[in-house]
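Q: Sharing a structure with you now.
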Amino acid sequence: MEEKRNQIWALIITGLMILISAMYYKVNVYYMYVVAYIWFGFAYGMMLQYGRFCFASASRDLFAAGVPRMAVGVLVALMFFSLIQASLASTNMSTFHPAPFGIHTLIAGLVFGMGMVLSGGCASGSLYKIGEGNMTSAVAAFFGLCIGQAIFVDVNWFNFMIPQSWMDAAADKVAKGFPPADKITSSFDYYLAGYVWDKPSIQLSHTKVFSSALPGITKYFIADALINTLIPAALLLTVIYYFFVRKGFLKKRAKQKGGQTGFGDELSGLWNMITASKRTTIMGVIIGIVAGLHIFVMKGLQLKYGVTNFGQILTRMDKAGDITLKAGEVSTKGTVFDPGYWYITSQEGQLGAWILEKFGWNMRDNLFFGVNNGLPEPLRNPALWMSIGIIFGAMVMARLNNEFKFKMPKGELWVWGLAGGLLMGWGSRPSLGCNIGAFFIRIAGGDPSGWLYGLGMVSGAFIGVKFFNWWSERKMAKEMEAF
Amino acid sequence: MAMKFEKTGDGTYMLDVCGYVCPHPQIYCKKSLEKMNEGDVVQVILDNPSSVETIAQMCDQVGHDILERKTEGGKIYVKIKKS
């Protein structure tokens, strides 16, 4: 009975997504751009839920329970994604762009890492868990990633932390004509214009060393895929095996063989670790491939419509009288947030800002929304539809597996969800991305700053696990007083 | 909502972490097993699917036996014997 009901729900949700897609197509063919985001989001949601694919779990379960399942899944996904990214870059079909490199990435990762452990899921993990009915994740996503993030980029509460040199650098740029003076109002604006914009962006294949040593398309496969992703990921897999799996595996193997173990057993141990959770590892492979396909499709649509950003499409539709854009929906550069690939947090910040504007808050007087990303209505925000797609894709998969359960947070989970969400929201801004945009996409694209963010995330997760270990030990001691 | 860890008999325990999300069920499960003696059995009751995968792999790695794993009425029951 329950199974039947879940299947009906899965059908209803999928039907609803098809209906929404058909309506978009009927309104204007340009909205196929939004529809592509919806269905890639839907696919991500299904895969994340099926593989229990959460980046928080990758480091957290390693430290908390010694379980490498998710760390292996993430590294496998990275390896496959990097090869697809290299193929796309070599055919000029990539939408990837590297990010400013600096210590800010490490610090942001640290804050984000603590947040994802507290809230119980990373940015993408929180969305798929909402799809499972987990409302603690909804608290983290809504109050932290949406509202908290939007407030963070719009307030001047952190001006006391801004060095004079950043303010001077921002003022210099304004004097030269860009950015507009009226868009520098928040602490985050000084951070962007006075610090981050001056930092170098690195993509290995585009560095002097590799572009001169590796002519043609080989630089994408050797520099971006092999050197920036495949080798480090393989090394990490070996390190994880050595510290978390090797001892137990060899002990079991020696018992089975009744004697010594050799190098062949080490290789078996490594393979055993990779295949221990088949659903996670297989999903790692598929997610890597689908994330690459996503880039291919978005680039294809951009070429078809003759644009490089959905903001240009919105402006075109506005001029044709098909829609009426409100002031500030599209940024001063004529763009909206349109990464062209898998991304999570910026669009949630846009939703938060849109909600805050309904309460009279001016969210367009800053660089983040006013100049860089725009603030489109949610219905024509392509990346936001990707996040919605993730939630519904995960909901369908959870229903099909009879794993959907609506759970409101109770007691301490409110605190962890709220605190973790806020830390994730704040931790995703200075780095201009989260576990997906700043870690997963960047590493596979050949940007070493992704590893810096990863190092911060893992360190933050370690602190978070230490805290939860202390917290749970106290509660266990109380429970065990009775016996 | 409160986590419950109870002794239900000689060498048998019950850990109820229903309502909790990651990482709480796996952390409480690990800590419960640490407090128990070899051969003791704990019945873990949870409703967070993601945690079950981690608990299963943790038991496999350490060598604890999963005696039973079933889902009933939205709750997941995992019976583990400490080795």
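Q: May I ask you to find the residues of the range B:12-45 that are shielded by at least 50 Å² of accessible area once the whole protein assembly is considered instead of their isolated chain (probe 1.4 Å)?
A: B:Val21, B:Cys22, B:Pro23, B:His24, B:Ile27, B:Tyr28, B:Lys31, B:Lys35
Q: Further, regarding this structure: Please give the average number of partner chain Cβ atoms lying within 10 Å of the Cβ of each residue in B:63-71, rounded to a whole number.
A: Average neighbour count from other chains, rounded to a whole number: 1.
Q: Among A:425-437, A:233-245, how do they line up from the highest to the lowest mean number of other beta-carbon atoms within 10 Å?
A: So the order, starting with the most tightly packed, is A:425-437, A:233-245.
Q: Short version: ³J(HN,Hα) in whole Hz for each residue of the range A:58-66, in order, from phi by Karplus 6.51 cos²θ - 1.76 cosθ + 1.60 (θ = phi - 60°), x for Gly and Pro, what are they?
A: So the J values, rounded to whole Hz, are 4, 8, 5, 5, 5, 6, 7, 10, x.
Q: For A:48-54, what's the mean count of beta carbons from other chains sitting within 10 Å of each residue's beta carbon?
A: Shielding by partners across A:48-54 averages 2.
Q: Next up: What is the mean number of Cβ atoms from other protein chains located within 10 Å of the Cβ atom of each residue in peptide A:57-65, rounded to a whole number?
A: Mean number of neighbouring Cβ atoms from other chains: 5.
Q: Counting only protein heavy atoms, what percent of the accessible surface of the protein assembly as shown is carbon or sulfur at a 1.4 Å probe?
A: Of the solvent-accessible surface of the protein assembly as shown, carbon and sulfur hold 65 percent.
Q: Label points 7 Å out from Cα along the Cβ direction at A:Ala234 and A:Lys4: separation in nm?
A: In this crude spin-label approximation the distance works out to 5.4 nm.
Q: Using the alpha-carbon atoms, what tilt in degrees (0 to 90, nearest 10) does helix A:310-319 show relative to the longest principal axis of chain A?
A: 30 degrees
Q: OK, next. At a Förster radius of 35 Å, what calculated FRET efficiency corresponds to the Cβ-Cβ distance of A:Lys199 and A:Phe243, to the nearest 0.05?
A: 0.55
Q: Here is a further query. Keeping all protein chains in the complex and leaving out DNA, RNA and ligands, what accessible area do you get for A:Met167 with a 1.4 Å probe, in Å² to the nearest 10?
A: So the heavy atoms of A:Met167 present about 50 Å² to solvent.
Q: What length, rounded to one decimal in nm, is gained on full extension from A:Met408 through to A:Lys257, with 0.36 nm per residue of separation minus their alpha-carbon distance?
A: Going from the current span to full extension adds 49.4 nm.
Q: Suppose the chain between A:Trp271 and A:Arg474 were pulled fully straight at 0.36 nm per residue; how much longer would it get relative to their current alpha carbon spacing?
A: Once the chain is fully extended between A:Trp271 and A:Arg474, it gains 69.3 nm.
Q: Skipping prolines and chain starts, which residues have an amide H placed within reach, meaning under 5 Å, of the one on A:Arg52, given they are 5 or more residues away or on another chain?
A: Answer set, sorted by chain and number: none.
Q: For chain A, what does the accessible surface come to per residue with a 1.4 Å probe? Please give it in Å².
A: 40 Å²
Q: Which of B:Gly19, B:Gly73, B:Gly63 ends up with the largest GNM mean-square fluctuation for chain B, with Cα atoms connected below 10 Å?
A: B:Gly73
Q: Could you please state, rounded to a whole Å, how far the C-alpha centre of the range A:80-149 is from the C-alpha centre of the range B:53-68?
A: If we compute the Cα centre of each part, the gap is 30 Å.
Q: Taking 60 Å as R0, compute the FRET efficiency from the Cβ-Cβ separation of A:Asn362 and B:Lys4 and round it to 0.05.
A: Between A:Asn362 and B:Lys4 the formula returns 0.75.
Q: What do you get when you divide the Cα radius of gyration of the protein assembly as shown by 2.2 N^0.38 Å, with N the number of residues?
A: Working it through for the protein assembly as shown, the quotient is 0.99.
Q: Using only alpha-carbon positions, what ratio does the radius of gyration of the range B:4-81 give when scaled by 2.2 N^0.38 Å?
A: 0.97
Q: Using a ≥ b ≥ c from the Cα gyration tensor of the range A:38-111 (square roots of the eigenvalues), is it rounded, prolate or oblate, where a/c under 1.5 gives rounded and otherwise the larger of a/b and b/c decides, a/b for prolate?
A: Note, shape of the range A:38-111 comes out oblate.
Q: Which value, in debye to the nearest 20, gives the size of the charge dipole of chain B about its Cα centre, when Lys and Arg are +1 and Asp and Glu are -1 at the Cβ?
A: 120 debye
Q: Nearest 10 degrees, 0 to 90: what angle lies between the long axis of helix A:164-175 and the longest principal axis of chain A (Cα atoms)?
A: 40 degrees
Q: So for the range A:271-426, what are the equivalent ellipsoid semi-axes in whole Å, largest first, each being the square root of 5 times an eigenvalue of the Cα gyration tensor?
A: After scaling each eigenvalue by five and taking roots: 32, 24, 14 Å.
Q: Under the classification rounded if a/c is under 1.5, otherwise prolate if a/b is larger than b/c and oblate if not, where does the range A:4-73 fall, given a ≥ b ≥ c as square roots of the Cα gyration tensor eigenvalues?
A: oblate
Q: Give me the residues in the range A:446-470 whose solvent-accessible area, probe 1.4 Å, is reduced by at least 20 Å² once all protein chains are included instead of the chain isolated.
A: A:Phe468, A:Asn469
Q: For helix B:24-35, report the angle its Cα long axis makes with the longest principal axis of the Cα atoms of chain B; keep it between 0 and 90° and round to the nearest 10°.
A: For helix B:24-35, the angle is close to 10 degrees.
Q: Right, next: Round to a whole angstrom and tell me the spacing of the C-alpha centers of the range A:1-72 and the range A:241-306.
A: First find each Cα centre; the distance between them is then 22 Å.
Q: Can you pull out the trypsin sites (Lys or Arg not before Pro) in the range A:147-202 whose DSSP state is coil and whose Cβ has at most 12 other Cβ atoms within 10 Å?
A: Hits after loop and neighbour filter: A:Lys176.
Q: What accessible area per residue, rounded to a whole number of Å², is obtained for chain B using a probe radius of 1.4 Å?
A: 38 Å²
Q: Set the Förster distance to 25 Å, then compute FRET efficiency between A:Tyr305 and A:Val155 from the Cβ-Cβ distance, nearest 0.05.
A: Efficiency computed from Cβ-Cβ geometry: 0.10.
Q: Can you show me the helix-derived [θ] at 222 nm for chain A, built from DSSP H runs with n ≥ 4 at -39,500 (n - 2.57) apiece and divided by the number of residues, rounded to the nearest 500.
A: My calculation for chain A gives -20000 deg cm²/dmol from helical runs alone.
Q: What ranking of A:Ile274, A:Ile217 comes out by heavy-atom accessible area, probe 1.4 Å, highest first?
A: In descending accessible area the options line up as A:Ile217, A:Ile274.
Q: Return the value, in Å² to the nearest 100, of accessible area buried between chains B and A (probe 1.4 Å, both sides summed).
A: 3300 Å²
Q: Over the protein assembly as shown, what is the percentage of antiparallel beta bridges among all DSSP beta bridges, to the nearest 5?
A: About 75 percent, rounded to the nearest 5.
Q: According to the square roots a ≥ b ≥ c of the eigenvalues of the Cα gyration tensor, what is the shape class of the range A:77-206, taking rounded for a/c under 1.5, prolate for a/b larger than b/c otherwise, and oblate for the remainder?
A: Oblate, because a/c is 1.5 or more while a/b does not exceed b/c.
Q: Quick check: residue separation of A:Glu377 and A:Phe178 times 0.36 nm, minus the Cα distance between them. What number comes out in nm?
A: Residue separation times 0.36 nm, minus the Cα-Cα distance, leaves 69.1 nm.
The values are calculated or read from the model by the stated rules, or taken from the named source; none is laboratory data. From a predicted model like this one, the values you see are computed outputs, not experimental measurements. No Cβ is skipped: glycine too gets one built from the backbone with ideal geometry, and neighbour counts run over all protein chains shown. Each accessible area value is taken on the protein alone, full model and side chains, heavy atoms only, with ligands, DNA and RNA left out. Shrake-Rupley method; radii C 1.70, N 1.55, O 1.52, S 1.80 Å.
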